[in-house]
There are 2 protein chains.
Amino acid sequence: MPDPLPADSVGLVTPQTYHFDTPLELACGKVLNRYELVVETYGELNAGASNAILICHALSGHHHAAGYHSADERKAGWWDSCIGPGKPIDTRRFFVVSLNNLGGCHGSTGPSSTNPDTGSLYGPDFPVVTVTDWVNSQARLADKLGIECWAAVVGGSLGGMQALQWSLTYPERIRHAAVIASTPRLSAQNIAFNEVARQAITSDPEFHAGRYSDNFTLPRRGLMLARMVGHITYLSDASMGEKFGRELRETAYKFGYDAEFQVESYLRYQGERFSESFDANTYLLMTKALDYFDPAYEFGGDLAKALQGARCEFLVLSFSTDWRFAPERSEELVKAMIAARRKVSYAEIDAPWGHDGFLIPTPRYTDVFTAYMDRVAREVGA
Amino acid sequence: MPDPLPADSVGLVTPQTYHFDTPLELACGKVLNRYELVVETYGELNAGASNAILICHALSGHHHAAGYHSADERKAGWWDSCIGPGKPIDTRRFFVVSLNNLGGCHGSTGPSSTNPDTGSLYGPDFPVVTVTDWVNSQARLADKLGIECWAAVVGGSLGGMQALQWSLTYPERIRHAAVIASTPRLSAQNIAFNEVARQAITSDPEFHAGRYSDNFTLPRRGLMLARMVGHITYLSDASMGEKFGRELRETAYKFGYDAEFQVESYLRYQGERFSESFDANTYLLMTKALDYFDPAYEFGGDLAKALQGARCEFLVLSFSTDWRFAPERSEELVKAMIAARRKVSYAEIDAPWGHDGFLIPTPRYTDVFTAYMDRVAREVGA
């Protein structure tokens, strides 16, 4: 944590764990009888409980979105650029709720938790959860927090899918949905990349059909490969070129298979670090949630029809060099919203960083996001 | 082989093996004292030996570019769409030479060959070869075949790099170079994808540091993953969408980790088939040849300067939806050729298939290619 603390930081935060005892029925047909969600909040809930914002995380995200867990923590939460006093999601006006989703590996009940019914780790027995399951679990969290209606549900990438699903599953409990760098459904190419990641993990001999913990090991190589291929899709060709180009680690070609180009050692490092800190079963589960998401599915593929159930207003943002969920995918969503006569604000942000653009503040991104959230705040009297 | 044989097929072909005993010095500093190249030829060399075309193959290619090896063979050679009587590379006019490159696994000397100096398999001891090394070995093949000067050297992707390198290393021995769906150098993103493939292979416990054959095994899972990720980059997002979309194998989600979407089982099948037929050490070596290729390197990154040594004319073709080697990469090359005052014909072919477009005939592609090769034929009196 920097000293002195910047004025726009939420500062020290302490996660809290919420216990749920009402059985949760999942899309797959299974039931979770008991579960926990780990949560961080920033700002204060107002008297009318009208100023609450839900932050939904992406594939490898978690509840720690802003501030610091301790004075020793070097890096702030993953969306600290957008959450804090004076930032787009202004914690002087909003009460911000950020959780680790069900199935995660950062404190909420997931594959690396103990199954209370058996006393042993869930591991691969943890059920496959969907975006709708997450939204249902988040609605129960809202109940516990005394939040009848979110001022906004906000998320990037897989988080944007949750914001969109909130507008459909609980139309009366959400005033605004901010769907950022997201898509109404994965393309075949998106699914294909996820499948490579899953095959990398499940084919690692250390995976042991998901029971690696029982075998006192981890599928490190598989998870590393999964992260490496994922990481490539988060960046743009141009930003990788800018960052690494064909830069060598030493001065000449070595004609061997050690990392020679800077981009190789960067990717290996990212993959290795991730493989030490993220749970493989959770990774599998998150990629499946992505694959399954398709709100138009029950409506014969007609997204506009699906959106007719929504009542909230929408902010949709895309990033010009994002090729994972390209601007065209956001435009598809916006068109369907317009066809369904929903109110929507849309901007394509010109930024060089690919999909990762939603994590990186640029003047236009910050301006558009701030202006929209300011309107939300005024609307709810915050 | 279809019966009756189509009039535009080269029909039955028989590969031939050429032995070389003059030591070949490689870019890495090592020397190959003896090696073999397996070669196919189509058409007849004319009296002046002026009508010879060299076909260079891409990453997973080989010498079998056209026709059939036997009446039982179901699929024709990999570029049968472009080579044959009446096709762009018209075998009634040209003598076409197609080889498996050094380091390959289809008959030419490579990691799966026996090292004549030791009597055991090369395996991982086979030296890393570069595009320039290939061009040098191809020049010796030309000597053996009595070809002083190629009417044209033609290749797609990694094959296009060889055509380009020919123009620089042997400017007096090549009249035309056709550089198709290629690039003057890999981008950081290209290298990153190659590195994922290499890591997948080398981290497979069955890889045994490249000595899988000595261990009576194969790094099948690694090679499968490498092929899966490669395959995604060969197709366009749109063509994968067109071919598979979000099509399920069964009628509903199964909420598990078996292949559910058609694109998943397609990729697995492609990967598995490849892993049974391709040598892992060769795959590694081919990806390194791609990474290293950078003719501008010795000229301080100035491609136009590198091209000043060339004497031939160029045909450069790119494909609109190719995101592996996008049209911009070909345009970069064309601009450098113009700056170096080389003669160049360029066309971007509008085709939906991504990088694979160079293997798939479309009217405009066929027309442009045919017109150019017709000019080449007339020029050499073929």
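The values are calculated or read from the model by the stated rules, or taken from the named source; none is laboratory data. A quick note: this is a predicted structure, and the numbers were derived from the prediction, not measured. FYI the Cβ positions are ideal-geometry reconstructions off the backbone, even for glycines, and counts take in every protein chain you see.
For residues that are β-branched (Val, Ile, Thr) and away from chain B (no Cβ under 11 Å), scanning just the stretch A:250-301, find the one that is farthest from the chain's Cα centre (by Cα).
That would be A:Thr251.
Could you name every one of the helices (runs of 4 or more DSSP H) located completely within the stretch A:269-352 that has at least 1 residues being basic (Lys, Arg), buried (at least 18 other Cβ atoms within 10 Å of the Cβ) and out of contact with any Pro (no Cβ under 8 Å at 6 or more places or on another chain)? So that I can check it myself, show each step before the final result.
On the way: elements: A:280-292, A:303-307, A:327-339.
The qualifying helices (runs of 4 or more DSSP H) are A:280-292.
Look at the stretch A:70-99 and say how many of its residues are in contact with a Leu (Cβ under 9 Å, 6 or more places away or on another chain), within 24 Å of A:Arg364 (Cα to Cα) and assigned to a strand (DSSP E or B).
Total meeting the criteria: 1.
Take the stretch B:255-267 and flag every residue that is in a loop (DSSP other than H, G, I, E, B) and either of a type in the set (Asp, Glu) or surrounded by 14 or more Cβ atoms within 10 Å (Cβ to Cβ) (or both).
The answer is B:Phe255, B:Tyr257, B:Asp258, B:Ala259, B:Glu260.
Tell me, please, whether a residue that is without any contact (Cβ under 8 Å) to a residue 12 or more places away in the chain and in the same structural domain as B:Val376 (by the TED database) can be found in the stretch B:78-96.
no
Can you tell which of B:Ala58, B:Ala66, B:Ala76, B:Ala52 is in contact with a Ser or Thr (Cβ under 6 Å, 6 or more places away or on another chain), closer than 20 Å to B:Ser98 by Cα, crowded, with 23+ Cβ neighbours inside 10 Å and not acidic (Asp, Glu)?
So the residue among B:Ala58, B:Ala66, B:Ala76, B:Ala52 that is in contact with a Ser or Thr (Cβ under 6 Å, 6 or more places away or on another chain), closer than 20 Å to B:Ser98 by Cα, crowded, with 23+ Cβ neighbours inside 10 Å and not acidic (Asp, Glu) is B:Ala58.
Rundown of residues vs (1) among the aliphatic types (A, V, I, L, M); (2) closer than 25 Å to B:Ala188 by Cβ, yes/no style:
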residue	(1), (2)
A:Ser239	no, yes
A:Glu242	no, yes
A:Glu250	no, yes
A:Gln262	no, yes
A:Arg268	no, yes
A:Arg273	no, yes
A:Ala280	yes, no
A:Lys305	no, no
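Which pairs turn up if I take residues in the stretch B:1-19 that are modelled with pLDDT of 95 or more and look for partners that are surrounded by 13 or more Cβ atoms within 10 Å (Cβ to Cβ) and of a type in the set (S, T, N, Q) with beta carbon separation below 7 Å, at least 6 apart in sequence or on another chain?
Here the result reads B:Val10/B:Thr91, each pair linking the stretch B:1-19 to a residue that is surrounded by 13 or more Cβ atoms within 10 Å (Cβ to Cβ) and of a type in the set (S, T, N, Q).
Criterion first (within 14 Å of another protein chain (Cβ to nearest Cβ) and of a type in the set (Lys, Arg)) does A:Arg140 satisfy it?
Judged against the criteria, A:Arg140 is not a match.
Please count how many residues of the stretch A:100-142 are in a helix (DSSP H, G or I) and not aromatic (Phe, Trp, Tyr).
Matching residues across the stretch A:100-142 total 14.
Could you list, in sequence order, the residues of the stretch B:185-211 that are crowded, with 23+ Cβ neighbours inside 10 Å and either in contact with a Pro (Cβ under 9 Å, 6 or more places away or on another chain) or aliphatic (A, V, I, L, M) (or both)?
B:Leu186, B:Ala188, B:Ile191, B:Ala192, B:Val196, B:Ala197, B:Ala200, B:Ile201, B:Asp204, B:Phe207
Got at least one residue in the stretch B:150-160 being more than 12 Å from B:Tyr35 (Cβ to Cβ), assigned to a loop (DSSP other than H, G, I, E, B) and aromatic (Phe, Trp, Tyr)?
Going residue by residue through the stretch B:150-160, those that are more than 12 Å from B:Tyr35 (Cβ to Cβ) are B:150-160.
Narrowing further to those that are assigned to a loop (DSSP other than H, G, I, E, B): B:151, B:157.
Pick out the ones that are also aromatic (Phe, Trp, Tyr) and you get none.
There is no residue in the stretch B:150-160 that is more than 12 Å from B:Tyr35 (Cβ to Cβ), assigned to a loop (DSSP other than H, G, I, E, B) and aromatic (Phe, Trp, Tyr).
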